[in-house]
Amino acid sequence: MPASMSRGFYARLITACILVLASASPLFAANSQTSLRSQLERAIDRQRSSQTRLALARFYRMKSWTLTWQDPELAQTADAALAAAPQQGLPTGPYAAVISAHTPVDADVELSAQVLRYARSISIGVIPPSGVKGSARTLQAIASELAVASRNPEDLRKYLAALPPDHAAYLALQHAYTRYLLLASQGGWPQLPLVKRIRLSTPGPLVQLVHTRLACEYPALQKADPATLREAIRRFQAHVGLTADGIIGPKTISALNIEPAQRAAQIAANMERWRWLPRHFPTRYIEINTANATLNAVDHDRIILHSRVIVGKATTSTPDFTANALAIIVNPEWDVPTSIIEKEILPHLRRQPNYLTRNHMIMKNGRVKQLPGADNALGRLKVDITDPFSIYMHDTPARALFARDERHLSHGCIRVQKILPLASWLLTGNADEGLSRIQAAIADRVTQRIALSTPVRVYVIYRTVTVGSDGSVDFAPDIYDRDQALITAMFGSPPKLSTSKEPASHGCKVGK
């Protein structure tokens, strides 16, 4: 039985259990010696999670210690939400009922627990986020909301429908998730042999296999001539974070061989990351995606500024966090972190005694400071942000690195290509209006702090699946290996990447 059908079946069975047992059980007779409240409390105590027990106690207290799901329409409304959980990229386990209820009380509490778990997962995430500040709602707060919403079926329907994120990007991911699951259920797509290069100019079975594979993902692709296929490969490469050169080498072949089930799991992980974020963003905010190394400055839901950034290497990854931008530091000094002093500067000093002087650095009491200047590692500008990881947003003298497609190069800090217009936007609300003031301050060669009139929220998050302005879904390489860990935490054993050296059978049909 499919997981979604199983969950819906079990929820309906619980409903039936409540209705049948409530009408037949002597526990509900007028001369019952045990109060309904005591029975509910005992049923709640049998729940494994202490948080669930506390939330259920609040729920039933607000319901005046009465059964909730005896109304068939109310129970069916809950059933429909639980049955639709997989469409939201949620695992099936937490919401599948274990039919061990011997009384209508047990059945009622079990269904209440399932709905609470679902409401928490769909609204704030299955896995608690690390660093990102999203919704502050607790399971007990959700229990209070559910107690009010479950007064009648219509209120419950509205409440459950409003729980998932309603951002356009989340809805696009939900659609893509369904599409990739469908492809997986049809057998996926053919696997390409792991060769050094596939030349589209050489007709043969291998080129036909490339055409079949691309047509699975892009059904409108009908022609198989080299020019059309090369353009399709460029489009594919751009959508998966590779250099769009039209050359089918090892990286492109590996990306083509990622199965639809794995893509679906990756999308589900990124739907989870959306659930970690606030339902309503501030009017102005900055979002930095460390997976594809980009920054967006957003004002009234419009991207005002898009910039490339350089973020942490795989070994010194930039963490997810939420912060406030407070000021612009012009001509900043750089207080070198202890880890860089120990791993880089001290070894340089042992080989080059004048290393500090050449790099305009001074050392005092074991600390190293780099003075302002053209070669300062922070460049000419730094955005002063409040974060728990001592991560800097700043300029850089090594600006040629922004031209690279792979920009995971730093020790964890965030270097911004368009730092000048970003600073102007932070100070004035316009990417151009503050430029002359900032450039004049830089020319003074004096360190100064220019406070923002209002703090601006900064979200640093790892998104390996994003949605373009045209609604297309783009995949970024999982450079920090966070997707697999999140997928495993959510679903258990994740699907594996294919390492096949031979083409595999598949169920995708060209033109289907």
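Over all distinct Cα pairs, what is the inverse of the mean 1/r for the stretch 259-384, reported as the Kirkwood hydrodynamic radius in Å?
Values: mean 1/r = 0.0554 Å⁻¹.
For the stretch 259-384, inverting the mean 1/r across all distinct Cα pairs yields 18.1 Å.
Given 25 °C and 0.890 mPa s, compute D for the stretch 280-467 with the Stokes-Einstein relation, Rh being the Kirkwood radius over Cα pairs; round to the nearest whole µm²/s.
D, rounded to a whole number, is 143 µm²/s.
What length, rounded to one decimal in nm, is gained on full extension from Gln140 through to His175, with 0.36 nm per residue of separation minus their alpha-carbon distance?
The Gln140-His175 span can extend by a further 9.5 nm.
Which cross-chain or sequence-distant (5 or more) residues have an amide H under 5 Å from the amide H of Val368, H modelled 1.01 Å from N in plane?
Amide H neighbours of Val368: Val336.
Computed over the Cα atoms of the stretch 156-291, what is the ratio Rg over Rh, Rh following Kirkwood?
1.07
If you average the sequence gap of Cα pairs under 8 Å that are 6 or more apart and divide by the length of the chain, what percent do you get for the contact order?
18
Need the C-alpha centroid separation for the stretch 361-433 versus the stretch 195-260, integer Å.
38
Nearest 10 degrees is fine. How inclined is helix 482-491 to the longest principal axis of the chain, computing both from alpha carbons?
That works out to roughly 0 degrees.
Determine ³J(HN,Hα), in whole Hz, for all residues of the stretch 238-252 in sequence, where each value follows from phi through the Karplus function 6.51 cos²θ - 1.76 cosθ + 1.60 and θ = phi - 60°; x replaces Gly and Pro.
Values per residue, Gly and Pro as x: 4, 7, 10, x, 9, 4, 7, 10, x, 9, 9, x, x, 5, 5 Hz.
Hey, what's the Cα Rg ratio for the stretch 362-422 versus the globular rule of thumb, 2.2 N^0.38 Å?
Normalised Rg, Cα atoms only: 1.21.
Note the direction-averaged projected area, equal to a quarter of the hull surface, for the Cα convex hull of the chain, in nm².
With every direction weighted equally, the projected area is 30.6 nm².
Taking amide H atoms as placed 1.01 Å from N in the peptide plane, list the residues 5 or more away in sequence, or in a different chain, whose amide H sits under 5 Å from that of Gly241.
Here the answer is Phe475, since their amide H atoms fall under 5 Å of that of Gly241.
Apply the Karplus curve 6.51 cos²θ - 1.76 cosθ + 1.60, θ = phi - 60°, to the phi angles in the stretch 308-317 and return the couplings in whole Hz, x for Gly and Pro.
Residue by residue, the stretch 308-317 yields 6, 9, 10, 10, x, 5, 4, 7, 9, 5 Hz.
Grab the beta carbon distance between Leu54 and Arg367, set R0 = 51 Å, and tell me the FRET efficiency rounded to 0.05.
Between Leu54 and Arg367 the formula returns 0.60.
Taken together, the values in this text are just the output of simple stated rules run on the coordinates, not laboratory data. Values in this document were obtained by computation on a predicted structure and should not be read as measured data. Virtual Cβ from ideal backbone geometry, glycine too; neighbours counted across all protein chains shown.
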